[in-house]
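The values are calculated or read from the model by the stated rules, or taken from the named source; none is laboratory data. Everything quoted here is computed from the prediction, not taken from an experiment. Cβ coordinates were reconstructed from backbone atoms using ideal geometry, including for glycine residues, and neighbour counts include every protein chain displayed.
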């Protein structure tokens, strides 16, 4: 039995992960979704303007924001602890109570790549999902053309399961899906991973 808690605020050394509020639209668009290098790995509808985030991608609507009322809604704004600036998004997709699993999806503005920040965020969400919600399996996938995302998964203790050929579509096109996962039993055996001590950050 899962103990769904919804999108609770999570804190790391440099980040705060929290619920989105209407005023976040400008920063998440300018810092993240307006950049094709970020947007191409998502499946969001085209977003050429901030207004298109609402009208085309159907985010930041009342319905989208009110989804936080569901206890199994997991959608975080990734913010810098020092400034409060919104620099990315983290999404716990397809929570499945039957088998106790959830999929991770995330994007981070290009100005904050290669600093270990995404690794911090993934570690915090994995810990929350295992120790608070009680999921048994957490999984994620990335396109082979986007290996940095897979590097984050590896640094967070996830195991590569294999590649599903041409199994996903994103704004880059139809891509293979390189699947990673971690089980709760494996997580309990892991020592804490510190991004600041990792010579190769995401």
Filter the range 28-75 for residues that are outside any loop (DSSP other than H, G, I, E, B), surrounded by fewer than 16 Cβ atoms within 10 Å (Cβ to Cβ), in contact with a strand residue (DSSP E or B) (Cβ under 8 Å, 6 or more places away or on another chain) and touching a residue at least 12 places away in the same chain (Cβ under 8 Å) and give the result. 68
(1) within 18 Å of residue 7 (Cβ to Cβ); (2) surrounded by fewer than 21 Cβ atoms within 10 Å (Cβ to Cβ); (3) under 14 Å from the mean Cα position of the chain (by Cα): which one isn't true of residue 86, the others all being true? (2)
Taking residue 100, is it touching a strand residue (DSSP E or B) at 6+ places or on another chain (Cβ under 6 Å) and under 27 Å from residue 2 (Cβ atoms)? no
Considering the range 103-128 alone, what residues qualify as being in a loop (DSSP other than H, G, I, E, B) and in contact with a strand residue (DSSP E or B) (Cβ under 8 Å, 6 or more places away or on another chain)? 109
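Kindly indicate whether residue 25 is surrounded by 12 or more Cβ atoms within 10 Å (Cβ to Cβ) and farther than 22 Å from residue 126 by Cβ.
For residue 25, the condition - surrounded by 12 or more Cβ atoms within 10 Å (Cβ to Cβ) and farther than 22 Å from residue 126 by Cβ - is met.
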Return yes or no: is residue 115 farther than 22 Å from residue 5 by Cβ, within 15 Å of the chain's Cα centre (by Cα) and surrounded by fewer than 17 Cβ atoms within 10 Å (Cβ to Cβ)? no
Residues of the range 128-159 satisfying the condition of being under 18 Å from residue 186 (Cα atoms) and free of Cβ contacts under 8 Å to residues at least 24 places away in the same chain: 131
Unmet criterion (only one of (1) at pLDDT below 95; (2) surrounded by 14 or more Cβ atoms within 10 Å (Cβ to Cβ); (3) over 24 Å from residue 177 (Cα atoms)) for residue 7: (1)
Considering the range 89-99, residues that are buried (at least 18 other Cβ atoms within 10 Å of the Cβ) and touching a residue at least 40 places away in the same chain (Cβ under 8 Å), and then whichever is farthest from residue 72 (Cα to Cα), we arrive at 89
Within the range 85-102, residues touching a helix residue (DSSP H, G or I) at 6+ places or on another chain (Cβ under 7 Å) and outside any strand (DSSP E or B) come out as 85
What number of residues within the range 169-178 are touching a residue at least 40 places away in the same chain (Cβ under 8 Å) and under 13 Å from residue 105 (Cβ atoms)? 1
I'm trying to understand the selection: among the residues of the range 129-169, which are assigned to a strand (DSSP E or B) and within 15 Å of the chain's Cα centre (by Cα)? 138, 139, 140, 141, 142
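Please enumerate the residues belonging to the range 114-127 that are more than 19 Å from residue 186 (Cβ to Cβ) and touching a helix residue (DSSP H, G or I) at 6+ places or on another chain (Cβ under 7 Å).
Within the range 114-127, 116, 118, 120 meet the criteria.
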